[in-house]
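Peer 1: Below you will find the structure I want to go over with you.
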Amino acid sequence: MGRYVIRRLLYLVVVLLIVTMVTFLIFYVLPPTDPTTAFAGKFTTQEVLDEVRRQFGLDKPLHQQYFQFVRNLFLGDEYGWPGFGFSYSTRAPIKEDIFDRVGVTAQLAVGGALVWLLMGIPIGIISALKRRSIVDRAAMGFALFGVSAPVFWLGLIALFVFWQTLDWLPGSGYVEFGESPVEWFTHMIMPWFVLALLFAAVYARQTRSNVLETMSEDYIRTARAKGLPERKVIFKHALRASLTPIVTIFGLDLGLLLGGAVITESVFNLPGLGPHVIGSANDGDLPTILAITVFAAFFISILNLIVDIVYAYLDPRVRYS
């Protein structure tokens with residue numbers, strides 16, 4: 001296991017280097033506009049633009065800019081570690097902007113993940129065990145609705161029904177957990193369920209498919225032939241093998257959400273990474289967009305590494321393959 005973990009860590013470093021290279025080229029080579037105009041303004045003199053480029057090192061050759069970016073990212077810059085640089089639009093260190101908002105995104109992602117696991121997996125299991133029944137058809141109808149309904153539409157419908165019409169929950173906005181745990185929960189419950197519905201539908205279909213495939217395996221028939229109770233056959237033998245692939249997609253989905261659930265945060269006016277990305281894109285703040293992209297890629301890579309380790313622990317054949 002130790003050699004497997006070390007090998008995966010080396011792969012992680014390579015992946016992060018490739019991600020930084022690709023994102024750097026996309027944001028600093030392909031854009032047709034000068035990124036310094038986001039800092040100096042569109043209506044300025046050439047002398048001011050040249051001075052801004054000199055201060056931010058944009059007058060240097062591209063490879064020097066990239067190596068400086070990687071060096072600051074891994075070793076830190078004048079604003080600390082990790083070295084994400086300076087935002088052109090907020091006039092503040094990008095690290096502070098990200099860390100001020102990532103907590104809200106993490107709360108949304110983790111809460112939504114718990115909701116979709118508690119919804120999707122039981123629905124998938126029941127649907128598989130009640131195959132071709134009215135329960136199975138209702139569960140798959142729910143999955144089809146969850147996959148088809150856009151998140152922004154669900155968010156607006158939820159606000160209209162539970163806030164405007166029934167007045168059961170507060171509307172958009174955010175309250176810190178330390179200020180009032182009850183208000184924090186009531187403000188987050190709608191975003192959690194709206195965000196979770198799509199993933200719960202996917203997990204329900206995936207779980208149903210896995211359980212049906214596992215229940216047809218030879219070792220399940222052998223367990224039944226030995227006289228084991230059906231409950232023990234299902235929960236001890238079938239579910240572990242059925243839910244193992246869920247571990248993989250769960251780690252990737254959670255990593256993507258930690259990078260910023262843009263639409264959900266925008267609909268419910270949550271001060272997370274999503275609205276910050278949209279604002280930075282509108283302002284042409286390329287350093288901030290680049291930093292958040294690398295930040296999201298880091299989370300996805302780390303969670304992918306954790307998933308690989310957990311998968312290797314659950315299935316020893318993986319670590320030797």
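The values are calculated or read from the model by the stated rules, or taken from the named source; none is laboratory data. No experiment lies behind these values; they were computed from the predicted model shown. Cβ placement follows ideal geometry from the backbone for every residue including glycine, while neighbour counts extend to all protein chains displayed. Note: areas computed on protein heavy atoms with side chains; ligands, DNA, RNA excluded. Shrake-Rupley method; radii C 1.70, N 1.55, O 1.52, S 1.80 Å.
Peer 1: State all residues of the range 213-223 that are among the charged types (D, E, K, R) and farther than 22 Å from Gly124 by Cα; if no residue qualifies, say none.
Peer 2: None; the set is empty.
Peer 1: Also, I was wondering about something else. Would you please name the residue that is modelled with the lowest pLDDT, looking only at residues in the range 11-43 that are of a type in the set (Val, Ile, Thr) and open to solvent by 50 Å² or more (accessible area, probe 1.4 Å)?
Peer 2: Thr33
Peer 1: While we're on this one: Output the number of the condition that Ser172 fails; it satisfies all remaining conditions of (1) touching a residue at least 24 places away in the same chain (Cβ under 8 Å); (2) in a helix (DSSP H, G or I); (3) surrounded by 15 or more Cβ atoms within 10 Å (Cβ to Cβ).
Peer 2: Of (1) touching a residue at least 24 places away in the same chain (Cβ under 8 Å); (2) in a helix (DSSP H, G or I); (3) surrounded by 15 or more Cβ atoms within 10 Å (Cβ to Cβ), only one is false for Ser172: (2).
Peer 1: Name the pairs whose Cβ atoms lie under 8 Å apart, with the first residue in the range 1-26 and at positive phi, the second at pLDDT 80 or above and aliphatic (A, V, I, L, M), and 6 or more positions between them or separate chains?
Peer 2: none
Peer 1: Condition (residue is crowded, with 16+ Cβ neighbours inside 10 Å, within 22 Å of the chain's Cα centre (by Cα), among the β-branched types (Val, Ile, Thr) and more than 30 Å from Ser209 (Cβ to Cβ)) applied to the range 104-120: is it met by at least one residue?
Peer 2: The answer is yes, given that some residue of the range 104-120 is crowded, with 16+ Cβ neighbours inside 10 Å, within 22 Å of the chain's Cα centre (by Cα), among the β-branched types (Val, Ile, Thr) and more than 30 Å from Ser209 (Cβ to Cβ).
Peer 1: Are there any pairs, at least 6 apart or on different chains, whose C-beta atoms fall under 7 Å, with the first in the range 213-237 and touching a residue at least 12 places away in the same chain (Cβ under 8 Å) and under 16 Å from Ala128 (Cα atoms) and the second surrounded by fewer than 17 Cβ atoms within 10 Å (Cβ to Cβ) and hydroxyl-bearing (Ser, Thr, Tyr), and if so, which?
Peer 2: His237/Tyr219
Matching residues to (1) closer than 21 Å to Met140 by Cβ; (2) open to solvent by 70 Å² or more (accessible area, probe 1.4 Å):
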residue	(1), (2)
Ile189	no, no
Val202	yes, no
Met215	yes, no
Asp218	no, yes
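Peer 1: Also, I was wondering about something else. Taking the range 50-93 as the search range and keeping residues that are of a type in the set (D, E, K, R) and closer than 23 Å to Phe298 by Cα, which one is least open to solvent (accessible area, probe 1.4 Å)?
Peer 2: My answer is Asp77.
Peer 1: Could you list all residues from the range 220-237 that are part of a loop (DSSP other than H, G, I, E, B) and either of a type in the set (Phe, Trp, Tyr) or surrounded by 12 or more Cβ atoms within 10 Å (Cβ to Cβ) (or both)?
Peer 2: Leu228
Peer 1: Could you give me the residue pairs with C-beta distances under 8 Å whose first residue belongs to the range 65-81 and is within 18 Å of Val14 (Cα to Cα), whose second residue is open to solvent by 30 Å² or more (accessible area, probe 1.4 Å) and among the basic types (Lys, Arg) wherever it lies, and which are 6+ apart or on separate chains?
Peer 2: Gln68/Lys60
Peer 1: Ok, one more. Could you tell me whether Val182 is aliphatic (A, V, I, L, M) and free of Cβ contacts under 8 Å to residues at least 12 places away in the same chain?
Peer 2: yes
Peer 1: Within the set of pairs 6 or more residues apart or between chains, which connect a residue that is acidic (Asp, Glu) inside the range 123-150 to a residue that is outside any helix (DSSP H, G or I) with Cβ atoms less than 8 Å apart?
Peer 2: Asp136/Lys130
Peer 1: Just to be sure I understand, how many residues within the range 250-273 are open to solvent by less than 30 Å² (accessible area, probe 1.4 Å), outside any loop (DSSP other than H, G, I, E, B) and at pLDDT 85 or above?
Peer 2: So the count comes out to 3.
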